[in-house]
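Data block below; observations after.
FYI, it's all coordinate maths here, none of it is from the lab. Predicted, not measured: the structure shown is a model, and the values here were computed from it. Note that we place each Cβ from the backbone using ideal geometry, even for glycine, and neighbour counts take in every protein chain shown.
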Amino acid sequence: MNNKTIAQIKELLTLNQLTTKDMVLLKRDERKGVQKIINTYEKEQERQRALAARFQRMQQHDKQYVDRGYQSIAGVDEAGRGPLAGPVVAAAVVLPNDFQLMELTDSKQLTKEQRTHFYHVITESALDYSVSIISSEKIDEINILEATKRAMVESLQNLSYPIDYALIDAVPLEKSPVSTDSIIKGDELSLSIAAASVLAKVTRDRLMIELDKKHPEYNFSSHMGYGTKEHLQMIRTYGVIDAHRRSFNPVKELL
């Protein structure tokens, strides 16, 4: 392999055209450039193995319900329980058995670019999905936990595809139209819940960006309504608007 240039070796690695013997020879190559790309390649291979193992665990987690006799399962998650402004959003997703998206996990662990891309992959691949939005006014009226539950139940009720079980991230649903399992950290354990978390998060972020256009002085597209130091200062400066949750401290204190 010593007769290969670094560029050629890099291309062979990219195309996965090197044998085990080639790799052994390359590791003996004293050129720093070769050792650098070998190191980068091996780290990426390890990352891919870890992603594949995590994906398989999440896939198997959902498959256990099919093995128990359930025919069709939906994953449900929410976004926006904690912010001081904007709605809470819930999504329900029914994934096909052969769904593949290796890097899918809890939306909070993904970049904005990943979430946007995954949103399109999920909505195009899902057997069905539904999103429900509960306004800040309704949150103030019935409290955030009940608003979250309502959004989750509505997202399930609005599915057209027939389901007989739902996996919910953390929140127990007493009024669900189907039997459910409430799973702590479900968006890290269940593939369908992780998919729902992406749809809920992307939908809510888009709503907050629209709100930012109406009220640019609050910079909602940056903090998404969460109680950051900047957001609190904007409330003190410009006051409370309809999008704020008046039952939440410190908004309540600043009224």
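Brief remarks on what is shown
- Here's the picture: charge each Lys and Arg Cβ at +1 and each Asp and Glu Cβ at -1 in the chain, and of T105, V34, L255 the one pushed furthest to the positive end of that dipole is V34.
- Given (i) 21; (ii) 43; (iii) 25, the label whose value is percent of Cα pairs over 30 Å apart derived from this model: (ii)
- Alpha carbon centroid spacing (whole Å) that separates the range 164-224 from the range 62-122: 8
- 15 Å beta-carbon shell around N219, net charge (K/R +1, D/E -1): -1
- Net charge of Cβ neighbours under 15 Å - reference M208; Lys, Arg +1; Asp, Glu -1: +2
- Counted charge near K21, where neighbours are those whose Cβ lies closer than 12 Å (Asp, Glu -1; Lys, Arg +1): +1
- Among 117-123, 132-138, 9-15, the peptide with the highest mean count of other Cβ atoms within 10 Å heads the list, and the full ranking is 132-138, 117-123, 9-15.
- Amide H contacts for R245 (H built 1.01 Å from N in the peptide plane; partners 5 or more residues away or on another chain; cut-off under 5 Å): A85, G86.
- In this calculation the C-beta distance from R68 to L145 is compared with R0 = 30 Å, giving a FRET efficiency of 0.55.
- Across K112/K185; K138/K214; K4/K43; K43/K63; K108/K229, pairs whose alpha-carbon gap is larger than 24 Å: K43/K63
- Helical segments meeting 27 Å axial Cα length and Kyte-Doolittle 0.0 threshold in the chain (DSSP H): 191-214
- Size of the range 40-157 from its Cα atoms: along the principal axes, largest to smallest, the extents are 54, 39, 22 Å.
- Ranking of I184, I38, I168 by count of other Cβ atoms within 10 Å, fewest first: I184, I38, I168
- Put a plus charge on the Cβ of each Lys and Arg, a minus charge on the Cβ of each Asp and Glu, and nothing anywhere else: the dipole of the chain about its Cα centre is then about 1000 debye.
- Shape of the range 6-65, Cα gyration tensor, a/c cut at 1.5: prolate
- Cα-projected label distance for K32 with E11, points at 7 Å along beta-carbon direction, nm: 2.5
- Rounded to the nearest 20 debye, dipole of the range 1-111 from Cβ charges on Lys, Arg, Asp, Glu: 540
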